[in-house]
Amino acid sequence: MTSPVRVLVCDDQALIRTGFATIIDAQPDLEVMGECADGRAAVDLARKMKPDMVVMDVRMPVLDGIEATRLLAGAGVPDPVKVLVVTTFNLDEYVYEALRAGASGFLLKDAPPAQLLQGIRTVASGAALLAPEVTRQLVGKYAARIRPVQGTPDDTALTPRELEVLRLIANGLSNSEIAAELVISQETVKTYVSRILTKLDLRDRVQAVVYAYRNGLVT
């Protein structure tokens, strides 16, 4: 029997925190290891308990969710923890920064319980969770603020077709939409996405979106 996914829940609102924990713990394949109310406690507990993933609020006292995410999942962190950010409806810059800090995805707090559970399972499996429509809103709102990095990007390692797929990912298209756009199968799209992530040393498609904008592949 497969061990349940161990989850740490971090939110400064007790009602939301308890609600999340209750929903998660009711699932046979998920288990709440602990709860906390601020980012510093999240970092300390995660390092001590080593959960499979953290469900993280953004705006919290002591240490916000962005910095906590960076400390747990950011570049150069040994044994990074998967982080699923949950936030209120306004897709503000905090969310974008959280994704850059290493979060594997985010959900809105008003999402139905089934979506929260699916999100946890998706991120725990190693996939990114960033709804295409949310990608469009997020990068559309902040694209102008993302400054291209200096120097030559690593995308020279990509084939023309892989570059095309990367641009479509960055424009917020799902695998099925990319398949329809390029008239190829979804399995072929998955193969392209996997190659892109490997060649550019990116963890998931969330990082791929940020990469494409920072390197001027999409404007």
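Please specify each residue of segment 95-127 satisfying the condition of being of a type in the set (Ser, Thr, Tyr) and within 18 Å of Gly39 (Cβ to Cβ).
The answer is Tyr96, Ser104.
When segment 1-26 is examined, which residues are found to be more than 19 Å from Ala46 (Cα to Cα) and either among the basic types (Lys, Arg) or touching a helix residue (DSSP H, G or I) at 6+ places or on another chain (Cβ under 6 Å) (or both)?
If the condition is that a residue be more than 19 Å from Ala46 (Cα to Cα) and either among the basic types (Lys, Arg) or touching a helix residue (DSSP H, G or I) at 6+ places or on another chain (Cβ under 6 Å) (or both), then Ile23 is the only one that fits.
Does segment 45-63 contain any residue that is among the small types (Gly, Ala, Ser) and under 21 Å from the mean Cα position of the chain (by Cα)?
yes
Quick one: what pairs do we get from segment 93-122, first residue within 16 Å of Ala21 (Cα to Cα) and at pLDDT below 85, second among the β-branched types (Val, Ile, Thr) and surrounded by fewer than 18 Cβ atoms within 10 Å (Cβ to Cβ), C-beta under 6 Å, 6+ apart or different chains?
Listed by first residue and then by second, the contacts come to Lys109/Thr88.
This table checks each residue for (1) farther than 18 Å from Ala68 by Cβ; (2) at pLDDT below 95.
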residue	(1), (2)
Val9	no, no
Leu15	yes, yes
Ala41	no, no
Met53	no, yes
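The values are calculated or read from the model by the stated rules, or taken from the named source; none is laboratory data. Because the structure is a prediction, the values reported are computed rather than measured. No Cβ is skipped: glycine too gets one built from the backbone with ideal geometry, and neighbour counts run over all protein chains shown.
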